[in-house]
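The values are calculated or read from the model by the stated rules, or taken from the named source; none is laboratory data. Given the structure is predicted, the values throughout are model-derived calculations rather than measurements. Cβ sites come from the backbone with ideal geometry, for glycine too, and all protein chains shown count toward neighbours. Surface areas here come from the heavy atoms of the whole protein model, side chains and all, with no ligands, DNA or RNA. Shrake-Rupley method; radii C 1.70, N 1.55, O 1.52, S 1.80 Å.
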There are 2 protein chains.
Amino acid sequence: MIYRTHNLGELRKENIGQTVTLSGWVDTTRDFGGLTFVDLRDREGKTQVVFDVDVAPKEVIETAQKLKNETVIRVVGKVKERSSKNLNIPTGEIEVFAAELTVLNNCDVLPFQITGTEDNLNENIRLKYRYLDIRRPKMLNNLRMRHKMIMAIRNYMDEQGFIDVDTPLLNKSTPEGARDFLVPCRINPGTFYALPQSPQLFKQLLMIGGVEKYFQIAKCFRDEDLRADRQFEFTQLDVEMSFVEMEDVMNTIEGLAKSVFTTITGEKVDYKFPIMPYAEAMSRFGSDKPDVRFGVELKDLTDIARNCGFKAFKSVVEAGGIVKAIVVPNAFEKFSRKVLGEYEEYAKRYFGAKGMAYIKIAEDGTITSPIAKFFSEDEMKEIIAKTEANNGDVVLIIADKAKVVYGALGGMRLRIGKELNLINNDEFKFLWVVDFPMFTYDEDEQRYKAEHHPFTSIKAEDMDAFLGGQTENIRTNTYDMVLNGFEIGGGSIRIFNPEIQTKVFDRLGLSYEEAREKFGFFVDAFKYGAPPHGGLAFGIDRWLMVMLKENSIREVIPFPKTNKGQCLMSEAPNFVDKEQLDELYLKTTYEEDKKTEEN
Amino acid sequence: MIYRTHNLGELRKENIGQTVTLSGWVDTTRDFGGLTFVDLRDREGKTQVVFDVDVAPKEVIETAQKLKNETVIRVVGKVKERSSKNLNIPTGEIEVFAAELTVLNNCDVLPFQITGTEDNLNENIRLKYRYLDIRRPKMLNNLRMRHKMIMAIRNYMDEQGFIDVDTPLLNKSTPEGARDFLVPCRINPGTFYALPQSPQLFKQLLMIGGVEKYFQIAKCFRDEDLRADRQFEFTQLDVEMSFVEMEDVMNTIEGLAKSVFTTITGEKVDYKFPIMPYAEAMSRFGSDKPDVRFGVELKDLTDIARNCGFKAFKSVVEAGGIVKAIVVPNAFEKFSRKVLGEYEEYAKRYFGAKGMAYIKIAEDGTITSPIAKFFSEDEMKEIIAKTEANNGDVVLIIADKAKVVYGALGGMRLRIGKELNLINNDEFKFLWVVDFPMFTYDEDEQRYKAEHHPFTSIKAEDMDAFLGGQTENIRTNTYDMVLNGFEIGGGSIRIFNPEIQTKVFDRLGLSYEEAREKFGFFVDAFKYGAPPHGGLAFGIDRWLMVMLKENSIREVIPFPKTNKGQCLMSEAPNFVDKEQLDELYLKTTYEEDKKTEEN
């Protein structure tokens, strides 16, 4: 059977007079003026099909009159010019008068309507019937955009001389990083594979192997408790290059980001991405992934606080903390005591701030502030001058350890941006954040850890300081790409010299032997002529989500899981037969343990 | 640091006089006539670098003289014309006189030499040091070919309007098909995900979802005991289309196969692939994936056997068996009693044949055959006429159930092709094998099973017979692509009508409820307007292996595992910490069970 001569987005005035065969889903039907109209839908669009008793046999008309939505049909008919044209759709100037009709498949009562229900569907129902959800033009478009994005990435990488190398999914479990997903290995009983958290080791090995320019669109897995908008499995663009400095990687990937952006949005990015050091990003925006589409930058009051008479501020500074403020523009009216209380609560709950101070400036310049009494008039003027606040603004101040201040003010800044509509949602702003610190002090474990990973190279400018024993504020050759406040990707130039690597391990409290134990053969591989190299990884799901202005990665993942890790459609994960576990020499102890806990 | 201005396959006579910066691995070094020559190698090729005391400082010369193979260096120097040109390599007309030399990284004593050791390396050593193995130009080329193949596939599919949709790797375990790899799910204790054996259900759901043309290059997993040249994880091109008949799928994919073939081999395929029904392939070649690069076809002696006086043949035919022969050309001398014995043994051991008869025809026409005495001279003439054997040939005959005859003669035919050098190894012959049977009788379970899978559609020509109750010889809309005797891909048009599907389940002894139990939500999905659809899957690894004329898929997989499922490089799989298992509420019982078994 020939199912179609044309798709349903294709017919135009030029086709008038032709006899065509069309197949698709009944989108809507209506009877009008003795005729039956069917909007027939396929992947490419809709075409109006008309059933007219003067054209088609009686049986066809009768069948057509009874067609239900989402029935799959095939029609043969003649293209005619429409009398009442619909110029909103590309096929709106024509209609097809059906002579033949075949019902290819029926459709039961649907759990939800496909057309005209864009925004009010329950997500769980959508996920359960994902195969119907993706019939909706918006979801189909998201799938198509994902495809186009992957194609654009691949073609760009290929043109730049990168080789796609697929690395294994059944790997060795390592104690580093997040929790591994394990896969019991039946033929080697008692042993396990681990699903990859990233192809990090493999891509560096490929550089040692002389591949020089590698990329892969890789599935990665992390068994972490799912916060909002995380998935156990995610898709990553993974890149590594040899004989490069960080500028080489950044230039290559900036070109990629622009190309992909144009593919998805149709818009050009005609500027070079600004490059902002990590320290500046933290200081100005309280974030290492600042949304630079709006201001409300952090203002530093530490110097004023150090010399002021307000003990609460002064003691924070003396203990090594900082005092910073943000200015909420024209918020004098909006920021009632209730709203201010909510912001303080937010700073306390999510960032561990001990409190929040504020200064409200009325339109006439009158100041209301619980901390006003601790400052002289001049000091208050100095504070307001430093924050650049105007009449009608509200100043919010946090004094605490730097980490708390940045976290709280950075978070409040974003909340203000959204709640006060300071963000132009039509705008996309790219940014590089670079030079992240090598080491961060882990308060819980009372030791230094690698901020990125222990293979990250130290900036040449800071190498002497590092070799001289300094650990704080040692900067690395790292770069994150930020789009509208989302980190969409990041990476680093790696250490390729085994001696420097040993020194970094040493600073992390690892002897060579312990490192060998931890990272295994990977440490050995560097002895055999490793070239200088670096790379990065991009999270495909989030990157696409931001470009499509979606609110959740689940909107751009074909078959996502819930935040309990469940596929509502297939009902994975599930219990398995005892025989399956027996073959793996495994026993699940959950019921047992639960009983023990209950007793 | 600028590491390179040119790669090492790039410089030509046109570059003479330029100052260039090069980086790469020391491939070989030699001192000659007071000069030190270094062949410097990178991904793109080799360039000869000369260290001359008249050009470079003394320290550079001294360092150069001590360079070991696989050291990573950077040189700056001037391109000069070579006096003795090497026209075997593209850069052979020039050499670079180094003025600067930086040793970027040293290289320890290697487990094997990178250059000049193409064919005599131990595979286990190669796999353990895969990162060195892929520095070898041949392996690097295989990786590059894999990349080019994937790019060619994707670009072709994209041009044809297919959308790449990535389906999940954490799925539900189903009792159908091969054994699943399980992944314990920590946050839903006691439950498991399964890694996909193929995206079969998802791709059909995508058709129900209106994607119409889907493809994916998917990782698939089967926990089967590893025979030679299988891997637990493999890469599959997965395709599905809606509103198509089998010719549509075959034409699309034939175009793909030709395009990919040209990408990899540089050769064009200028013929339409022959289409051979399954029944013909079995009857002529004893195989559903015949290597048609040579003859030695099966000849049917069943009719002769039915009426002959040789009881052994006659009784086989009367019991429903068949008698077939192959002719080994010019084998009168070669096929001694010993060789014939080996062939008979092969037919018995691997295919369960009860015996093999033979007829040797000397150059003068004299016949030697243990079965000659059972036939009249005329009968023997008839047999020889039917087999088209000539003087000097040897006829091998098997009488048995069809399955045994096809297996044994098909296998012997391939062995003969190889051992007698009847195959032109420079030739590639594509073929479609179509119309596989719907049901096969499982002797062990005494019931019919689906040959392909229960969603395969029945040929329109055989539908009446099926509906009328016939089960044997019901043909399906199936197609396998065969290249040089390897099945590189295959698929089918699916059943999309729930009523026909129910009838097929019924014939397989499954009620709708049982099918619902087995295939879950998938059966329900067809109620909501499933379009007619079909597709296929190609094994990337084997397909590439055949085109590159490699003997093992491990040569075309970047990081393969051994046939014990082990990665010799990373030492996966491994034992994991008890804490990891505790978190999953799992206990491994291997040691326990072993003890029990020992006692």
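Once segment B:80-104 is narrowed to residues that are within 41 Å of the chain's Cα centre (by Cα) and among the aliphatic types (A, V, I, L, M), the residue that is farthest from B:PRO137 (Cα to Cα) is B:LEU104.
Considering only residues that are open to solvent by less than 20 Å² (accessible area, probe 1.4 Å) and in a loop (DSSP other than H, G, I, E, B), look in segment A:428-458 and name the one that is modelled with the lowest pLDDT. This residue is A:PRO454. Every condition in (1) at pLDDT 95 or above; (2) within 14 Å of chain A (Cβ to nearest Cβ) holds for B:LYS527 except the one numbered (1).
Taking B:PHE261, is it in contact with a helix residue (DSSP H, G or I) (Cβ under 6 Å, 6 or more places away or on another chain) and among the aromatic types (Phe, Trp, Tyr)?
Numbers: in contact with a helix residue (DSSP H, G or I) (Cβ under 6 Å, 6 or more places away or on another chain): no; among the aromatic types (Phe, Trp, Tyr): yes.
Taking the combined requirement at face value, the residue does not satisfy it.
A:ILE500 satisfies every condition listed in (1) facing chain B (nearest Cβ under 8 Å); (2) of a type in the set (Val, Ile, Thr); (3) part of a helix (DSSP H, G or I) except (1). Tell me, yes or no, whether segment A:476-499 has at least one residue that is surrounded by 16 or more Cβ atoms within 10 Å (Cβ to Cβ) and among the acidic types (Asp, Glu). Yes; the residues of segment A:476-499 include at least one that is surrounded by 16 or more Cβ atoms within 10 Å (Cβ to Cβ) and among the acidic types (Asp, Glu).
What do you reckon, is B:LYS561 facing another protein chain (nearest Cβ under 10 Å), open to solvent by 20 Å² or more (accessible area, probe 1.4 Å) and not acidic (Asp, Glu)?
Details: facing another protein chain (nearest Cβ under 10 Å): yes; open to solvent by 20 Å² or more (accessible area, probe 1.4 Å): no; not acidic (Asp, Glu): yes.
So B:LYS561 fails the test.
Against the conditions (1) over 30 Å from B:PRO199 (Cβ atoms); (2) within 27 Å of the chain's Cα centre (by Cα); (3) open to solvent by 10 Å² or more (accessible area, probe 1.4 Å), B:LYS401 satisfies every one except (2). With the requirement that a residue be under 23 Å from the mean Cα position of the chain (by Cα) and of a type in the set (A, V, I, L, M, F, W, C), what does segment A:271-301 give you? Those that are under 23 Å from the mean Cα position of the chain (by Cα) and of a type in the set (A, V, I, L, M, F, W, C): A:PHE273, A:ILE275, A:MET276, A:ALA281, A:MET282, A:PHE285, A:VAL292, A:PHE294. When B:LYS66, B:LYS13, B:LYS78, B:LYS85 are screened for being touching a strand residue (DSSP E or B) at 6+ places or on another chain (Cβ under 6 Å) and more than 10 Å from chain A (Cβ to nearest Cβ), only B:LYS78 passes.
Rundown of residues vs (1) polar (S, T, N, Q); (2) surrounded by fewer than 17 Cβ atoms within 10 Å (Cβ to Cβ), yes/no style:
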| residue | (1), (2) |
| --- | --- |
| B:THR5 | yes, yes |
| B:LYS13 | no, yes |
| B:ASP31 | no, yes |
| B:THR36 | yes, no |
| B:ASP42 | no, no |
| B:VAL53 | no, yes |
| B:LYS68 | no, yes |
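Segment A:109-173 holds helices (runs of 4 or more DSSP H) entirely within its bounds, and those carrying 3 or more residues that are modelled with pLDDT of 95 or more and assigned by TED's automatic domain parsing to the domain that holds A:GLN236 map to A:137-159.
Return the residues of segment A:531-556 that are open to solvent by 20 Å² or more (accessible area, probe 1.4 Å) and aliphatic (A, V, I, L, M); say none if nothing qualifies. First the steps, then the outcome.
Narrowing segment A:531-556 to residues open to solvent by 20 Å² or more (accessible area, probe 1.4 Å): A:537, A:539, A:542, A:548-551, A:554-555.
Within segment A:531-556, A:ALA537, A:LEU548 meet the criteria.
Going residue by residue through segment B:215-224, is there one that turns out to be within 11 Å of chain A (Cβ to nearest Cβ), in contact (Cβ under 8 Å) with a residue 60 or more places away in the chain and closer than 19 Å to A:LEU132 by Cβ? No, the conditions are met nowhere in segment B:215-224. For segment A:397-414, the condition of being closer than 22 Å to A:MET481 by Cα and free of Cβ contacts under 8 Å to residues at least 60 places away in the same chain holds for at least one residue.
From the list B:VAL292, B:VAL269, B:VAL296, pick out the single residue that is out of contact with any His (no Cβ under 9 Å at 6 or more places or on another chain), farther than 29 Å from B:MET145 by Cβ and open to solvent by less than 50 Å² (accessible area, probe 1.4 Å). Spell out the reasoning first.
Numbers: B:VAL292 fails: farther than 29 Å from B:MET145 by Cβ; B:VAL269 fails: farther than 29 Å from B:MET145 by Cβ.
Going through B:VAL292, B:VAL269, B:VAL296 in turn, just one is out of contact with any His (no Cβ under 9 Å at 6 or more places or on another chain), farther than 29 Å from B:MET145 by Cβ and open to solvent by less than 50 Å² (accessible area, probe 1.4 Å): B:VAL296.
For segment B:470-518, the tally of residues that are more than 28 Å from the chain's Cα centre (by Cα) and either small (Gly, Ala, Ser) or on the phi > 0 side of the Ramachandran plot (or both) stands at 4.
In segment A:366-391, the residues that are open to solvent by 30 Å² or more (accessible area, probe 1.4 Å) reach residues that are of a type in the set (Phe, Trp, Tyr) with C-beta atoms within less than 6 angstrom, at least six apart or across chains, in these pairs: A:PHE374/A:PHE310. Of the residues making up segment B:332-353, those that are more than 16 Å from B:GLY410 (Cα to Cα) and open to solvent by 80 Å² or more (accessible area, probe 1.4 Å) are B:GLU333, B:LYS334, B:ARG337, B:LYS338.
Among B:LEU206, B:LEU237, B:LEU201, which is in contact with a Phe, Trp or Tyr (Cβ under 7 Å, 6 or more places away or on another chain) and more than 9 Å from chain A (Cβ to nearest Cβ)? Full working, then the answer.
On the way: B:LEU206 fails: more than 9 Å from chain A (Cβ to nearest Cβ); B:LEU201 fails: more than 9 Å from chain A (Cβ to nearest Cβ).
Within the list B:LEU206, B:LEU237, B:LEU201, the selection yields B:LEU237.
Residues of segment B:104-138 being of a type outside the set (Asp, Glu), under 22 Å from B:SER23 (Cβ atoms) and within 10 Å of another protein chain (Cβ to nearest Cβ), which ones? Lay out the reasoning, then the answer.
Going residue by residue through segment B:104-138, those that are of a type outside the set (Asp, Glu) are B:104-107, B:109-117, B:120-122, B:124-132, B:134-138.
Okay, now just the ones that are also under 22 Å from B:SER23 (Cβ atoms), so B:104-107, B:110, B:113-115, B:131-132, B:134-137.
Within segment B:104-138, B:LEU104, B:ASN105, B:ASN106, B:CYS107, B:LEU110, B:ILE114, B:TYR131, B:LEU132, B:ILE134, B:ARG135, B:ARG136, B:PRO137 qualify.
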